[in-house]
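A short write-up of the structure that comes next.
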Amino acid sequence: MAINARPYNGIEDFHKMTHILREGRKASRHSGYIHIGDLNWWAYYITPRHNTMNETSYIWEDDNGAVLGWSLLSPHYGLFDLFVHPDERSSERRAHMLSWTEERMIEVQRQRGKNRVGIGSLWQGDDVWMNLLAKHGYALDTEEHQYVYMVHPLVDIPEATLPDGFVVRSVRGEEDVEARAEVHRAAWARPNFESFMTAERYREFMKAPDYRPELDIVAVAPDGRFGASAMVWLDEENALGHYEPVGTNPEFRRMGLGKAVLWEGLRRVRALGATDATVCPLENDPVAMGLYTSAGFQPVNKIVSYTKTI
């Protein structure tokens, strides 16, 4: 049976993409598939900074219209992703989807004067995918950053001790947009990294299909400024929460605010039925690793980079 790739065409396709991720999680809970929250963050904040989803995303269907998977190009980073239905993980059709997606990414990279392509999300231990990539000439890139995949079982969540006058609460819509964008910018202001978050961008991000304001957690100082924030997503079908992104304004660090917003988010997704939650910090970021470890997250896997020269 033939399969075809077509460009992304709006919210119905977004739901088809998240369906693939949910099915993948059912088959392989902590390997091989990003969380639906990652896709929301990519589609409504990361991708619009450089392209549109219609320009970079493709839906794979068979002749009967069944969705088999999806591809996402990230030209700014020289990366692509391919996520397939679990039934397609070892199929010849997956190899075809990889070849087709890779060709598009190579064309983009050559137009940009680049000589390398890479995979955006690859879990250690996903041998089927790694072997297929190796046949296409990809290998582990030891110079690229690796992410630690960490899990928090939603039991025994501590209560945070906040500094006097601080409160932890959820975002209250439009009245908080400016402050919410500001804490994100402050948290991610660092050398060689530019945060593009503005109030307008945050308004657009809040339109993401799986965004829930009650899971957008902030720590508020007595003067009304936001000291820390944590966006937690919920995959209800798989009872799984996920953090993306989390940050603390440098002016408010070492006050316990990061753990406070994390723990509050954990309690909220647990109340909604989640049994565990995940987060993926950079392995070489000691601050982030220290925060998540002290908050009770445990490393269970790594997300690595496979690249090849073209």
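The values are calculated or read from the model by the stated rules, or taken from the named source; none is laboratory data. Every value quoted in this text rests on a predicted model; they were computed, and no experiment measured them. Methodologically, a virtual Cβ is constructed for each residue, glycine included, from the backbone with ideal geometry; neighbour enumeration extends over all protein chains shown.
With the condition kept exactly as written, say whether any residue in region 212-232 is in contact with a Cys (Cβ under 9 Å, 6 or more places away or on another chain) and either of a type outside the set (A, V, I, L, M, F, W, C) or modelled with pLDDT under 95 (or both).
Let us first name the residues in region 212-232 that are in contact with a Cys (Cβ under 9 Å, 6 or more places away or on another chain), namely none.
Among the residues of region 212-232, not one is in contact with a Cys (Cβ under 9 Å, 6 or more places away or on another chain) and either of a type outside the set (A, V, I, L, M, F, W, C) or modelled with pLDDT under 95 (or both), which makes the answer no.
Rundown of residues vs (1) outside the structural domain of VAL183 (by TED's automatic domain parsing); (2) farther than 23 Å from LEU79 by Cβ; (3) among the acidic types (Asp, Glu); (4) part of a loop (DSSP other than H, G, I, E, B), yes/no style:
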position: ALA260; (1), (2), (3), (4): no, yes, no, no
position: GLU264; (1), (2), (3), (4): no, yes, yes, no
position: ARG267; (1), (2), (3), (4): no, yes, no, no
position: ASN284; (1), (2), (3), (4): yes, no, no, yes
position: ALA288; (1), (2), (3), (4): yes, no, no, no
position: THR293; (1), (2), (3), (4): yes, yes, no, no
position: GLY296; (1), (2), (3), (4): yes, yes, no, yes
position: ASN301; (1), (2), (3), (4): yes, no, no, no
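Of the numbered conditions (1) touching a Leu at 6+ places or on another chain (Cβ under 8 Å); (2) part of a helix (DSSP H, G or I); (3) under 16 Å from ASN131 (Cα atoms), HIS96 fails exactly one; give the number of that condition.
The failed condition is (1).
Considering only region 1-90, give the helices (runs of 4 or more DSSP H) lying wholly within it that have at least 2 residues that are under 27 Å from ALA230 (Cα atoms). Quick ask: steps written out before the conclusion?
On the way: elements: 11-27, 36-41, 53-56.
Those helices (runs of 4 or more DSSP H) span 11-27, 36-41.
Could you figure out which of (1) over 30 Å from VAL108 (Cα atoms); (2) surrounded by fewer than 18 Cβ atoms within 10 Å (Cβ to Cβ) isn't true of GLU204?
It is condition (1) that GLU204 fails.
Regarding region 122-129, can at least one residue be identified that is surrounded by 14 or more Cβ atoms within 10 Å (Cβ to Cβ), of a type outside the set (Asp, Glu), touching a Cys at 6+ places or on another chain (Cβ under 9 Å) and within 30 Å of THR293 (Cα to Cα)?
no
Have a look at VAL67, VAL148 and point out the one that is touching a Pro at 6+ places or on another chain (Cβ under 6 Å) and modelled with pLDDT of 95 or more. Working first, answer last.
Numbers: VAL67 fails: touching a Pro at 6+ places or on another chain (Cβ under 6 Å).
Exactly one residue qualifies, and that residue is VAL148.
Is region 34-44 home to any residue that is assigned by TED's automatic domain parsing to the domain that holds LYS135, touching a Gly at 6+ places or on another chain (Cβ under 6 Å) and either touching a residue at least 40 places away in the same chain (Cβ under 8 Å) or surrounded by fewer than 21 Cβ atoms within 10 Å (Cβ to Cβ) (or both)? Please lay out each step first, then the result.
Our first condition is that a residue be assigned by TED's automatic domain parsing to the domain that holds LYS135; within region 34-44, this holds for 34-44.
Narrowing the set further to residues that are touching a Gly at 6+ places or on another chain (Cβ under 6 Å) leaves none.
No.
Among the candidates SER31, SER91, SER74, single out the residue that is among the polar types (S, T, N, Q), over 28 Å from TRP188 (Cα atoms) and surrounded by 14 or more Cβ atoms within 10 Å (Cβ to Cβ). Talk me through it step by step, then tell me what you get.
Working: SER31 fails: over 28 Å from TRP188 (Cα atoms); SER74 fails: over 28 Å from TRP188 (Cα atoms).
Matching residue, one of SER31, SER91, SER74: SER91.
Among the residues of region 251-287, which ones are buried (at least 17 other Cβ atoms within 10 Å of the Cβ), closer than 22 Å to ALA186 by Cα and within 16 Å of the chain's Cα centre (by Cα)?
VAL279, CYS280, PRO281
Where residues in region 66-93 are charged (D, E, K, R) and within 22 Å of the chain's Cα centre (by Cα), which of them is nearest to LEU132 (Cα to Cα)? Even if it seems obvious, please write down each step before you answer.
Going residue by residue through region 66-93, those that are charged (D, E, K, R) are 81, 87-89, 92-93.
Retained after the next criterion (residues that are within 22 Å of the chain's Cα centre (by Cα)): 81, 89.
On the way: ASP81: 14, ARG89: 10 Å.
Filtering region 66-93 for residues that are charged (D, E, K, R) and within 22 Å of the chain's Cα centre (by Cα), the one nearest to LEU132 (Cα to Cα) comes out as ARG89.
Does VAL304 fit the bill of being buried (at least 18 other Cβ atoms within 10 Å of the Cβ), hydrophobic (A, V, I, L, M, F, W, C) and within 18 Å of the chain's Cα centre (by Cα)?
Numbers: buried (at least 18 other Cβ atoms within 10 Å of the Cβ): yes; hydrophobic (A, V, I, L, M, F, W, C): yes; within 18 Å of the chain's Cα centre (by Cα): yes.
Yes: the conditions hold for VAL304.
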